[in-house]
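The values are calculated or read from the model by the stated rules, or taken from the named source; none is laboratory data. It should be emphasised that the depicted structure is a prediction, and the values quoted were computed from it without experimental measurement. Glycine gets a Cβ as well: all are built from the backbone with ideal geometry, and neighbour counts include every protein chain shown. Accessible surface areas use protein heavy atoms only, side chains included; no ligands, DNA or RNA. Shrake-Rupley method; radii C 1.70, N 1.55, O 1.52, S 1.80 Å.
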Amino acid sequence: MMRQEGFSYAFDPSACAGCGGRCCTGESGNIFVSPSEIAALCALLKIDESNFRMTYLEKRGYKFSLRERIVGLSHDCIFYDREAGGCSVYEARPAQCRTFPFWDYYKSRVDELKRECPGIVDA
Ligand code: SF4
Ligand code: SF4
């Protein structure tokens, strides 16, 4: 069980096995990446940065987000592998993904988070 100071809930990572990647699919959203995260993803994928930007990134305002792939009604993250049931760039996934579900946004929206993530339990 994972807990983090300042959060009223805990997270059970064993829920991920049967979840189907709800945090990587579903409604459209932003998965922001920083320059150092882009560099880490390029190194993992062994592609150059301009190719990576064209293939995997979308400009959103003044930031860059990972692209999404439409699958039925879902907006999957471009790196979500439905066959394997997980992230295809797990070792280099951005901080936004690494820190989920402990986001400040959810501190006052625990019910919304529980609807999205079956691993959330009351601390
Ligand atoms: S939504 Fe929660 S349980 Fe499902 S994969 Fe994401 S973190 Fe794991
Ligand atoms: S980078 Fe990986 S962990 Fe992050 S949203 Fe995409 S598939 Fe999920």
Full extension between C19 and S88 adds, at 0.36 nm per residue less the Cα distance, a length in nm of 23.2 nm
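With charges only on Cβ, +1 for K and R and -1 for D and E, what is the dipole size of the range 1-114 about its Cα centre, in debye, rounded to 20? Could you put the intermediate results ahead of the total?
Details: 15 positive and 15 negative charges, 33 e Å.
So the dipole magnitude of the range 1-114 works out to roughly 160 debye.
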Using eta = 1.567 mPa s and T = 4 °C, Stokes-Einstein with Kirkwood Rh from Cα pairs puts D for the range 1-98, in µm² s⁻¹, at 88
Under a 1.4 Å probe, counting only protein heavy atoms, M1 has an accessible area in Å², nearest 10, of 120
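Relative contact order for the range 65-123: what is it in percent, counting Cα pairs under 8 Å that are at least 6 residues apart?
Values: 28 pairs, mean separation 8.1, N = 59.
After rounding, I find 14 percent.
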Measure of exposure for C77: accessible area at 1.4 Å probe, Å² rounded to 10, is 10
Any lysines whose Cα falls less than 26 Å from that of K46, other than same-chain ones fewer than 8 residues away, would be K59, K63
Taking the dipole of the chain about the Cα centre (Lys, Arg +1; Asp, Glu -1; charges at Cβ), the one of P94, I47, G18 that reaches farthest to the positive side is I47
